[in-house]
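Worksheet: one structure, shown below.
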Amino acid sequence: MMRHPFSLAAALLLCAVPLAACDSPSEAQQSSPEAIVSTVLPQLGEGTFATPDDAERTDVDSTAEVVALMLHLWDTTIDRTETAAAVRAKPLMSADWAAHQVEPERNAAGAPWLAAAEHQGYSAPTIVPVRGDVNQDVAPDKAIRAYTVEWTWNTRDGATVHETGRRQVTLYLEEHDGQWEVVGHQSRDMSKTQ
């Protein structure tokens, strides 16, 4: 039997080269500033948006007001649809109602949303309780609150977006273990009836 020392050495070398390519990058590459990629997302509504923590859950009006605002807080740089706002308000909803808050595949908001998105816009809503008998406590642990919500758009590039909106939102609330939660809501567009 004849030995081939050069063949064995060549085979070992062929196996070692691919393994060396799997080695970690050099220290120069690891500490290079160009190797670090950082993406900074804009802060939701430039930090102006209400959060579930803003609601005093033992107070029906506080809970209703925060939800009415949150349902109309949209940031076109982060949100794909208006429903994203309802998803953020889920902690103030019953488990059953929260399960219904699912973003659709496409945004149906139309021209106002697109105009705001061109300038990285976010909504700035205000709410006013609806007058009349719609706001009522129907039982010690059940209440209905309705608000007129109007919003304008703020932009990150300083542009003025003339699109505004107006809706009436009705919230149905129940109290469980001393905490108020939204068990349903509906809205009616009033933008054309200003």
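The values are calculated or read from the model by the stated rules, or taken from the named source; none is laboratory data. None of the values given here were measured: they were computed from a predicted structure. FYI the Cβ positions are ideal-geometry reconstructions off the backbone, even for glycines, and counts take in every protein chain you see.
Some notes on this structure:
- Any hit, region 136-147, residues being closer than 19 Å to residue 86 by Cα and of a type in the set (Gly, Ala, Ser): yes
- Considering 193, 164, 160, 148, the condition of being over 18 Å from the mean Cα position of the chain (by Cα) and at pLDDT 95 or above is satisfied by 148 alone.
- Scanning region 43-59 for residues that are surrounded by fewer than 13 Cβ atoms within 10 Å (Cβ to Cβ) and among the β-branched types (Val, Ile, Thr) yields one hit, 58.
- The residue that is surrounded by the most Cβ atoms within 10 Å (Cβ to Cβ), counting only those in region 129-187 that are of a type in the set (A, V, I, L, M) and free of Cβ contacts under 8 Å to residues at least 60 places away in the same chain, is 146.
- The numbered conditions (1) over 22 Å from residue 128 (Cβ atoms); (2) crowded, with 17+ Cβ neighbours inside 10 Å are all true for residue 78 except (2).
- Qualifying residue in region 104-127 (condition: under 15 Å from residue 61 (Cα atoms), touching a residue at least 24 places away in the same chain (Cβ under 8 Å) and more than 22 Å from the chain's Cα centre (by Cα)): no
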